[in-house]
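S.K.: This structure is in structure tokens; I'll ask about it shortly.
The values are calculated or read from the model by the stated rules, or taken from the named source; none is laboratory data. These figures come from a predicted structure and were not determined experimentally. Here the Cβ positions follow ideal geometry from the backbone for every residue, glycine too, while neighbour counts run over all protein chains shown. Calculation scope for accessible area: heavy atoms of the full protein, side chains included, ligands and nucleic acids excluded. Shrake-Rupley method; radii C 1.70, N 1.55, O 1.52, S 1.80 Å.
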Amino acid sequence: MAEQIAVLIADDHTIVRSGVRMLLEAEPDIKVVGEALNGLEAIELAESLRPDVVLMDITMPVMDGLEATSQIKTRFPQINVLVLTMHRSDDYFFEMLKAGASGYILKGAKTSELINAVRIVQGGEVFLYPSMTQKLVQGYLQLADWDNEGEPSLSPREKEIFRLLAEGYSNKEIAEKLVISPSTVHSHRGNLMDKLGLGNRRELIQYARKSGLIQK
């Protein structure tokens, strides 16, 4: 018998974790080695258990799935992260892929699709739920439109944070609006300033007006 795929489930809902565990462990080649209640626990268990695949929810307390995925892929690049979420948002989709996730599947997917996704990402390939593939194409076209005339390349999430910063929202307010942590906003803000060569909020506002992201 081939070696089993070790899976860690990260989700703050007990019922979801229990249900997913039952579905996965019905497969002879998959073994659930642990469960995390939030992103911070996911990182700690990833370090101690070294699973092959982490099934990662996005919105969780203490630390969200985006930040957890980024840290896991930085510290343990051999671990594959498969997003299992209810969110269809373009922003979540692109940011999770950017953070290093190898796949994105919705909680409404069929059991066979989930099992197949686990096997695919463990095999080193990328799995995208069919309805999300179109988002990838649309996102590419949107970035291509933004980048005409040589503008710096920004992700959909970076554009959204850029717009909110230019409109005067604080890091904390942006975090609450987008349901992400203030530290994630701070990180995006730093990346934006570096990419655009900006030194302060005044320059950011001027750039946003010039780019048409906000009205004068």
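S.K.: Restricting attention to segment 74-92, report how many residues are free of Cβ contacts under 8 Å to residues at least 24 places away in the same chain and farther than 19 Å from V7 by Cα.
M.R.: 2
S.K.: Filter segment 84-101 for residues that are part of a helix (DSSP H, G or I) and either open to solvent by less than 20 Å² (accessible area, probe 1.4 Å) or small (G, A, S) (or both) and give the result. Can you show your working first?
M.R.: Restricting attention to segment 84-101, the residues satisfying the condition of being part of a helix (DSSP H, G or I) are 90-99.
F93, E95, M96, A99 - these are the residues of segment 84-101 that are part of a helix (DSSP H, G or I) and either open to solvent by less than 20 Å² (accessible area, probe 1.4 Å) or small (G, A, S) (or both).
S.K.: Hey, among the residues in segment 36-58 that are open to solvent by 40 Å² or more (accessible area, probe 1.4 Å) and part of a loop (DSSP other than H, G, I, E, B), which one's farthest from V7 (Cα to Cα)? Give the steps one after another, and end with the answer.
M.R.: First, pick out the residues of segment 36-58 that are open to solvent by 40 Å² or more (accessible area, probe 1.4 Å): 37, 40-41, 44-45, 47-50, 52.
With the extra rule that they be part of a loop (DSSP other than H, G, I, E, B), the set shrinks to 37, 50, 52.
Values: L37: 15, R50: 9, D52: 6 Å.
Looking at residues that are open to solvent by 40 Å² or more (accessible area, probe 1.4 Å) and part of a loop (DSSP other than H, G, I, E, B), I get L37.
S.K.: Here's a follow-up. Please work out if G139 is open to solvent by less than 30 Å² (accessible area, probe 1.4 Å) and at pLDDT below 80.
M.R.: Numbers: open to solvent by less than 30 Å² (accessible area, probe 1.4 Å): yes; at pLDDT below 80: yes.
In short, yes.
S.K.: Let me ask something else. Taking the stated definitions as given, is A109 of a type in the set (G, A, S), assigned to a loop (DSSP other than H, G, I, E, B) and open to solvent by 20 Å² or more (accessible area, probe 1.4 Å)? I'd like the intermediate steps shown before the answer.
M.R.: Working: of a type in the set (G, A, S): yes; assigned to a loop (DSSP other than H, G, I, E, B): yes; open to solvent by 20 Å² or more (accessible area, probe 1.4 Å): yes.
Considered against the rule, which asks whether it is of a type in the set (G, A, S), assigned to a loop (DSSP other than H, G, I, E, B) and open to solvent by 20 Å² or more (accessible area, probe 1.4 Å), A109 comes out as yes.
S.K.: From V33, V16, V20, grab the single residue that is more than 27 Å from S187 (Cβ to Cβ), modelled with pLDDT of 95 or more and crowded, with 19+ Cβ neighbours inside 10 Å. I'd like the intermediate steps shown before the answer.
M.R.: On the way: V33 fails: crowded, with 19+ Cβ neighbours inside 10 Å; V16 fails: crowded, with 19+ Cβ neighbours inside 10 Å.
Just one listed residue meets the conditions, V20.
S.K.: Right, another one. Looking only at segment 65-83, decide whether some residue is surrounded by fewer than 22 Cβ atoms within 10 Å (Cβ to Cβ) and on the phi > 0 side of the Ramachandran plot.
M.R.: No.
S.K.: Specify which of the listed residues (V7, V20) is β-branched (V, I, T), touching a Gly at 6+ places or on another chain (Cβ under 9 Å), under 18 Å from T111 (Cβ atoms) and in contact (Cβ under 8 Å) with a residue 24 or more places away in the chain. Break it down stepwise before answering.
M.R.: Values: V20 fails: touching a Gly at 6+ places or on another chain (Cβ under 9 Å).
Only one candidate passes the filter, namely V7.
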